[in-house]
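Read through the structure below, which is laid out as structure tokens, and then see the notes.
Quick note: the coordinates plus some simple rules give every number you see, no bench work behind them. All values derive from a computational prediction rather than experimental measurement. Cβ atoms come from the backbone with ideal geometry, glycine included; neighbour counts cover every protein chain shown.
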Amino acid sequence: MGGTGAMLKKERLLYKWRTHFGYFVCPALRGKISHGFSTKFLFQENYNYVEKINYQKKIFCEALKISYRSIVPLHQIHSNKILIIKEHEDICPPSLLEYDGVVTDSPSVALSICTADCLPILLFEKKKKIIGAIHAGWKGTSLGILPKLLNAVVQEFDGRIENCLLLMGPSIRPCCFEIKEDVLLILQSRLSCWERAVQKVDNLFYFDLQMANCLQAIMMGVLKENIWSTNFCTCCQSGWFHSYRRDKDRAGRMLSIISSGG
Ligand SMILES: [Zn+2]
């Protein structure tokens, strides 16, 4: 097994620094579409959790030159539910938006995902200018949230999988993502690629989220050269990232944002 490192060797996201935070961008999309994966935000304001996330969104939107008001406010629930927003359609259902992904062809909305270990994935279909964002933890991954996003690109927006770029942001890596037998059994029953995404070391099992999603993407027809990633582990690198596994309820969140309208 080559590992995701070998599989994705050349396609690396680039790091940029702003005051208070840094973020990763895709070199192939720089100057073409506003997007980024934040690292930890380093500021001391005495905000509560929700205020802090909103403040982070505001300053990240400013850096990316995206309107903060255009962000679709998702309430993530570790599912495989994807919100589909078509241009010129009403996008404001009255209830809470309980989804772990969103896809649109509208340049007037921005998509945002919050994570602290789970894998954030941004999608860009370059011909039809379709954008997507998903939150893929082990549950969402095992439920096929990425294949579901790719199917929506094709079926709902007439896009093509070979035109899709997938950007995988920082997440927990197998070095820290030990799973117990209950999770292993679920992965074995739901993921056809589980053997390549689970590593066994000294009778302990470790899950490679990025590998599982890459394999699912490639099986769906995404071109290997269109998959971009980072090698960082959110749990190991405490100076850079928030991690739920490391910090439990005290963990903050990183943001991933994309918009085709700027
Ligand atoms: Zn680690």
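Three semi-axes describe the equivalent ellipsoid of the stretch 103-185; taken as square roots of 5 times the Cα gyration tensor eigenvalues and ordered largest first, they are 27, 14, 10 Å. Taking the square roots of five times each eigenvalue of the Cα gyration tensor of the chain, the equivalent ellipsoid has semi-axes of 26, 22, 18 Å, listed largest first. Taking a straight Cα-Cα cut-off under 20 Å and skipping sequence neighbours fewer than 8 places away in the same chain, the lysines within cross-link reach of LYS200 are LYS139, LYS180. Relative to a virtual label point 7 Å from the Cα of LEU14 in the Cα→beta-carbon direction, which members of the stretch 102-128 show backbone nitrogen distances below 17 Å? No residue qualifies, since no backbone N sits under 17 Å from the label point.
Relative to the Cα centre, the charge distribution of the chain, modelled as +1 at Lys and Arg Cβ and -1 at Asp and Glu Cβ, gives a dipole magnitude of about 720 debye. Of all lysines in the structure, the ones whose alpha carbon falls short of 16 Å from that of LYS58, not counting any fewer than 8 places away in one chain, are LYS40. For the stretch 49-138, the square roots a ≥ b ≥ c of the C-alpha gyration tensor eigenvalues yield an a/c under 1.5, which makes the shape rounded. Peptides 80-89, 19-28, 159-168, 205-214 ranked from most to least packed, by the mean per-residue count of other Cβ atoms within 10 Å: 205-214, 159-168, 19-28, 80-89. Between the beta carbons of LYS127 and ALA251, assuming R0 = 30 Å, the FRET efficiency works out to 0.20 to the nearest 0.05.
Amide H contacts of LYS81 (H built 1.01 Å from N, in plane; Pro and chain starts excluded): ASP100 sit under 5 Å, all sequence-distant by 5 or more or on other chains.
Taken along the Cα-to-beta-carbon direction at a fixed 7 Å, the label points for LEU223 and GLU51 span 4.8 nm.
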